[in-house]
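Undergrad: Here you go, one structure.
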Amino acid sequence: MEVSAATSAPSVVPLDGDALIELSRANASRPLAQRRSTSFLAIGFFATAVGMLALPAHRGTSVLTVLICMFCYAVASRVRFEFGGVFAVPTQPIFVAMWFLVPPRMLPVVICASLLLAELPDFVRRRTPLDHLALYVISSWFSVGPALVIFLWAAHAPRWQSVPVYAAALGAQFLFDYVSQYLMVRPVFGLSPMAQLRSVLPAFAVDAMLAPLGLLVAFTAYGRPWTLLLVLPVLLLFSTFARERQQRIDNALELSSAYRGTAMLLGDVIEADDEYTGTHSRDVVDLVIAVADRLELAPRDRRRAEFAALLHDIGKVKIPAEIINKAGPLDDGEWELMKTHTLIGEAMLGQIGGLLGEVGQIVRSCHERWDGAGYPDRLAGEAIPLEARIVCACDAWSAMTTDRSYRIARSHEDAAVEPRASAGSHFDPRVVDSLLVVLAR
């Protein structure tokens, strides 16, 4: 596996695949290329690869065999599947075959040369800056692990009896790859070891599934290296799939960007219509995101909670301004009209559809109560969407701690009493606990 230079993004919050890809593309790889740790890793690989050339040659090879291997590997490494913050490439069948076609002591050097050969067109056309050269050198570290295992325990023709050794070589590949990539990205993004592992697991899974195919290719290609070329049509098929996946990812990211842009535009509409409501909504967003992270919401649920916080008052744009800005309590008729803003908000967002249509359903429930005494549907307990329960508690806190047309803001100490007292009646107790933890930071 080759982990792209545009590697995983920081995992401070849970991110789904599209979010990781979007953040990864935004970060690109230039910061990695300019780090001192990158230079150390590249020099370390070069020293290791050159040092391994001094090991005994257990078996010979030919220049033609090496060139065929390099060509096939370079072609395979041009086919890239984007997973979260990394690229997976279908090089594993070629790489496993190379365990037996190339002397183990030469394997790291040949792999590094193959990767650079694959990138040569982009270097020549200046699509890839020359200072990224070190990143592709570092991406060759994965080859050191299998080379050492094969050198020590399987420097012979492929045998079915040696499958446990080949499995150990695959494990060594994953270990060297993971450690080298983690050491490269850790100084830049501050990733935890588990976050890095989660980001590369999809690519490791691809390699693990393709490794048996590589072993079958090795049995055929051993002594007949030209048969390795027969794998190229399969790589062409992979290339077609990769292009289709890339198009779907691009379309998904464009749609996600459109949703976010629409949500922000609607937020601006709210603020333009009523400055307090707009400012209040944006304050609620920050609090909702913090509580959602504390509750470890799934990425899509977190995004819906964020948009619901921003747009929970969108229906108020159709409520008369004299009611919104009334300097005093609302009468019964005015209050009944005010309560329709959740239904209006749902209808407005439902017209947009997609993700914002789902957000509209949450907006509808943002004034439901845990005990079922809320509006408009008198939902209770777990029947209320969790995102709406979070917005409800955060909305109430923000309202209590900001000046209104009919009262001044309460102090944080005074306002903190209300969520505790209303947990189990107005608010979800679990949400209240998380809110208070966030506020105490």
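The values are calculated or read from the model by the stated rules, or taken from the named source; none is laboratory data. Please read these numbers as outputs of a predicted model, since none were measured by experiment. For neighbour counting, all protein chains shown are included, and Cβ atoms are generated from backbone atoms with ideal geometry for every residue, glycine included. Only protein heavy atoms, including side chains, enter the accessible area calculation; ligands, DNA and RNA are left aside. Shrake-Rupley method; radii C 1.70, N 1.55, O 1.52, S 1.80 Å.
Listed here are the residues, each with its yes/no results for (1) touching a Lys or Arg at 6+ places or on another chain (Cβ under 8 Å); (2) at pLDDT 90 or above.
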site: THR65; (1), (2): no, yes
site: ILE68; (1), (2): no, yes
site: VAL79; (1), (2): no, no
site: GLY85; (1), (2): no, no
site: VAL89; (1), (2): yes, no
site: VAL110; (1), (2): no, yes
site: LEU116; (1), (2): no, yes
site: THR128; (1), (2): no, no
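Undergrad: Mind checking whether some residue in segment 112-123 is surrounded by fewer than 24 Cβ atoms within 10 Å (Cβ to Cβ), within 27 Å of the chain's Cα centre (by Cα) and without any contact (Cβ under 8 Å) to a residue 12 or more places away in the chain?
TA: Within segment 112-123, one or more residues are surrounded by fewer than 24 Cβ atoms within 10 Å (Cβ to Cβ), within 27 Å of the chain's Cα centre (by Cα) and without any contact (Cβ under 8 Å) to a residue 12 or more places away in the chain.
Undergrad: Quick one: LEU439 ticks every box in (1) in contact (Cβ under 8 Å) with a residue 40 or more places away in the chain; (2) in contact with a Lys or Arg (Cβ under 8 Å, 6 or more places away or on another chain); (3) open to solvent by 50 Å² or more (accessible area, probe 1.4 Å) bar one, so which box is it?
TA: Single failed check for LEU439: (2).
Undergrad: For segment 91-100, state whether one or more residues are closer than 21 Å to ALA208 by Cβ and among the hydroxyl-bearing types (Ser, Thr, Tyr). Before you say what the answer is, go through the steps one by one.
TA: Start the filter on segment 91-100 by keeping residues that are closer than 21 Å to ALA208 by Cβ, which leaves 91-100.
This time we only want the ones that are among the hydroxyl-bearing types (Ser, Thr, Tyr), so: 91.
So far as segment 91-100 goes, yes, one or more of its residues are closer than 21 Å to ALA208 by Cβ and among the hydroxyl-bearing types (Ser, Thr, Tyr).
Undergrad: Out of GLU346, GLU382, GLU413, GLU387, report the one residue that is among the acidic types (Asp, Glu) and closer than 26 Å to GLY328 by Cα. So that I can check it myself, show each step before the final result.
TA: Numbers: GLU346 fails: closer than 26 Å to GLY328 by Cα; GLU382 fails: closer than 26 Å to GLY328 by Cα; GLU387 fails: closer than 26 Å to GLY328 by Cα.
Exactly one residue qualifies, and that residue is GLU413.
Undergrad: Please give the helices (runs of 4 or more DSSP H) falling wholly within segment 319-429 in which 3 or more residues are of a type in the set (A, V, I, L, M). Can you show your working first?
TA: Values: elements: 321-324, 332-338, 341-352, 354-364, 386-400, 412-415, 417-422.
In segment 319-429, the matching helices (runs of 4 or more DSSP H) lie at 321-324, 341-352, 354-364, 386-400.
Undergrad: Looking only at segment 306-329, which residues are more than 20 Å from ASP293 (Cβ to Cβ) and surrounded by 15 or more Cβ atoms within 10 Å (Cβ to Cβ)?
TA: Of the residues in segment 306-329, the ones more than 20 Å from ASP293 (Cβ to Cβ) are 313-329.
Across segment 306-329, the qualifying residues are ASP313, ILE314, GLY315, LYS316, VAL317, ILE319, ILE323, ILE324, LYS326.
Undergrad: Right, something else. Taking segment 347-401 as the search range and keeping residues that are surrounded by fewer than 21 Cβ atoms within 10 Å (Cβ to Cβ) and acidic (Asp, Glu), which one is modelled with the lowest pLDDT?
TA: Top of the filtered list is GLU358.
Undergrad: Please go through (1) over 16 Å from THR91 (Cα atoms); (2) open to solvent by 40 Å² or more (accessible area, probe 1.4 Å); (3) aliphatic (A, V, I, L, M); (4) under 34 Å from the mean Cα position of the chain (by Cα) for LEU152 and return the number of the only condition it doesn't satisfy.
TA: The one condition LEU152 does not meet is (4).
Undergrad: Starting from segment 179-204, keep only residues that are over 15 Å from ILE138 (Cβ atoms) and at pLDDT 85 or above, then list their pairs with residues that are assigned to a helix (DSSP H, G or I) and open to solvent by less than 10 Å² (accessible area, probe 1.4 Å) whose Cβ atoms are within a distance under 8 Å, requiring at least 6 positions of separation or different chains.
TA: PHE204/ASP177
Undergrad: Take the conditions surrounded by 14 or more Cβ atoms within 10 Å (Cβ to Cβ) and in contact (Cβ under 8 Å) with a residue 12 or more places away in the chain and apply them to PRO212. Does it pass? Step through it out loud before you land on a result.
TA: Working: surrounded by 14 or more Cβ atoms within 10 Å (Cβ to Cβ): yes; in contact (Cβ under 8 Å) with a residue 12 or more places away in the chain: no.
No.
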